[in-house]
Amino acid sequence: MTAGTDGTAIRSLYRHFYWSVLHPLREDWTLYARTRSYPGGRRLIKTVQPYTMVGLPRLLNALDLAHAVEKEEMRGALVECGVFKGGCVGMMARIASDGAAKRKVWLFDSFEGLPEPTDLDGEKATAYADDHARGELRPIDRCVGLLGDVERLLFETLRVPREVIEIRKGWFQDTLPSARSEMAVSRSCASTATGTSRRRRASRTCTTTSSAAAS
Ligand SMILES: C[S@@+](CC[C@H](N)C(=O)[O-])C[C@H]1O[C@@H](n2cnc3c(N)ncnc32)[C@H](O)[C@@H]1O
């Protein structure tokens with residue numbers, strides 16, 4: 001075996017060791033440390049993780065925000081734009097339903113997956129959509145979370161009361177405007193292409209924002 005192939009074998013062994021041992025240990029420790037002050041928080045995250053593509057750091061951020069709006073008695077709803085299988089919003093809804101404010105939790109999604117990207121989303125997005133990239137609001141069969149599965153997670157597994165949840169099925173462009181003024185925490189894992197007079201911006205992003213609610 002040459003020095004080069006030796007080095008490759010060692011790197012590959014280390015990668016395997018990192019992902020199968022070190023990374024899970026680090027995640028377990030982070031999870032333990034960050035949820036210590038939330039009773040049931042660790043178990044809640046473990047329950048929802050199989051139903052979300054949101055990674056642990058962002059999930060913990062959403063957990064913090066969902067608790068913070070309760071503690072600070074902020075008015076307004078929790079809103080997730082881009083629900084997938086419901087794991088992240090389910091976690092937030094569970095926390096909201098235990099809170100005194102009994103705030104609403106809005107779910108916005110096509111429940112048919114992502115729409116076509118545009119050329120502004122870049123080559124990877126175009127390839128991901130099997131070269132359908134004209135920005136049409138039609139599903140490309142990617143990131144699909146079915147409404148029935150989301151409802152099962154929310155109402156059966158997490159036992160969120162039905163009256164807490166507002167589901168808006170459809171393209172954000174049609175469904176979102178109605179809830180804007182009621183948001184306290186808005187999570188967005190979404191694709192939007194917007195036109196302005198100076199430039200056009202496209203984004204496929206995952207953000208969580210918290211703001212004072214307007215009503
Ligand atoms: C990245 S996934 C969301 C991840 C999710 N928050 C989670 O917990 O895993 C993107 C979701 O947004 C939805 N979506 C993306 N663009 C949309 C649009 N313009 N209108 C409606 N739904 C959209 C897709 O159906 C998909 O469920």
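The numbers here are math on the coordinates, done by the rules we state, and not lab data. Keep in mind the model is a prediction, meaning the values are calculated, not measured. With ideal geometry, Cβ positions are generated from the backbone for all residues, glycine too; neighbour counts draw on all protein chains shown.
Once the piece of chain linking Glu156 and Asp119 is laid out straight, how much longer is it, given 0.36 nm per residue of separation minus the C-alpha distance between them? Let's see the in-between values first.
On the way: separation 37, 0.36 × 37 = 13.32 nm, distance 4.06 nm.
Result: 9.3 nm gained on full extension.
Given the peptides 90-102, 63-75, 137-149, arrange them by the average over their residues of other C-beta atoms within 10 Å, most packed first.
Working: 90-102: 19.7, 63-75: 16.7, 137-149: 14.8.
Packing proxy ranking, top to bottom: 90-102, 63-75, 137-149.
Hey, which of these cross-link pairs are over 22 Å Cα-Cα: Lys85/Lys169; Lys46/Lys85; Lys46/Lys102?
Values: Lys85/Lys169 13 Å; Lys46/Lys85 15 Å; Lys46/Lys102 24 Å.
Over 22 Å Cα-Cα: Lys46/Lys102.
When the chain is fully extended, how far beyond the present Cα-Cα distance does Leu137 get from Lys169, taking 0.36 nm per residue of separation? Show your work: numbers first, answer last.
On the way: separation 32, 0.36 × 32 = 11.52 nm, distance 1.34 nm.
This chain segment gains 10.2 nm when fully extended.
Counting only the backbone N, which residues of the stretch 44-76 are under 17 Å from the spot 7 Å out from the Cα of Tyr18 toward its beta-carbon?
No residues fall inside that zone.
Going by C-beta contacts inside 10 Å, put Leu56, Leu154 in order with the fewest on the left.
On the way: Leu56 15, Leu154 26.
Least crowded to most crowded, the residues run Leu56, Leu154.
Under a 5 Å amide H to amide H cut-off, with H placed in plane at 1.01 Å, what residues pair with Ile167 once short-range neighbours are removed?
The answer is Leu107.
Taking the stretch 21-93, which chymotrypsin sites (Phe, Trp or Tyr not before Pro) meet the DSSP loop condition and have no more than 14 other C-beta atoms within 10 Å? Each step should come with its number before you reach the end.
Details: sites: Trp29, Tyr32, Tyr51, Phe84; in loops: Phe84.
For chymotrypsin sites (Phe, Trp or Tyr not before Pro) across the stretch 21-93 that sit outside H, G, I, E and B with at most 14 neighbouring Cβ atoms in 10 Å, the list is empty.
Of Thr52, Thr157, how do they rank once you tally other Cβ atoms within 10 Å and put the fewest first? Present the calculation step by step, with values, prior to reporting the outcome.
Working: Thr52 23, Thr157 14.
With the sparsest Cβ surroundings first, the list reads Thr157, Thr52.
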